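The values are calculated or read from the model by the stated rules, or taken from the named source; none is laboratory data. Predicted, not measured: the structure shown is a model, and the values here were computed from it. So basically every Cβ, Gly included, is an ideal-geometry build from the backbone, and we count neighbours across all protein chains shown.
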């Protein structure tokens with residue numbers, strides 16, 4: 001049996017080049033994720049997992065492809081992440097609805113609130129509820145104040 005050393009060297013050099021490219025691409029993605037993580041407080045999103053998975057598939061060694069179990073495990077992680085994001089959004093929606101319902105129950109009641117800047121407490125009767133663009137709930141009083149629920153210290 002004759003072993004073609006040139007062929008073995010070519011395969012080995014291609015494998016080394018693929019490994020180097022893979023490491024470089026993963027390093028680049030990790031740097032991008034660090035920047036994104038610092039800019040936003042999200043840890044990893046579905047698109048981040050997909051970028052990593054796509055990079056792994058593009059740069060994998062053809063003589064040693066990704067194991068099926070590993071691939072399935074990564075896909076399961078993506079699905080789990082997606083479901084957790086959906087669950088988180090549903091919980092945030094429930095919290096928002098709860099704040100709105102609590103606010104609506106305060107209409108026609110007197111509230112006392114604390115002014116954040118002066119530390120002085122005020123009181124007035126609630127006549128309405130208003131949402132800002134961020135979904136934060138404010139109580140509208142007879143005297144025209146818009147009070148955040150976070151400022152309310154007593155409901156009478």
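Of all residues in the range 142-156, those being surrounded by 15 or more Cβ atoms within 10 Å (Cβ to Cβ) and more than 32 Å from the chain's Cα centre (by Cα) number 1.
Table: residues versus (1) modelled with pLDDT under 90; (2) under 28 Å from the mean Cα position of the chain (by Cα); (3) closer than 30 Å to residue 48 by Cα.
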{"residue": "87", "(1), (2), (3)": "no, yes, yes"}
{"residue": "92", "(1), (2), (3)": "yes, yes, yes"}
{"residue": "109", "(1), (2), (3)": "no, no, no"}
{"residue": "133", "(1), (2), (3)": "yes, yes, yes"}
{"residue": "140", "(1), (2), (3)": "no, no, no"}
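Restricting attention to the range 112-124, the residues being over 35 Å from the mean Cα position of the chain (by Cα) and either surrounded by 15 or more Cβ atoms within 10 Å (Cβ to Cβ) or closer than 12 Å to residue 152 by Cβ (or both) number 5.
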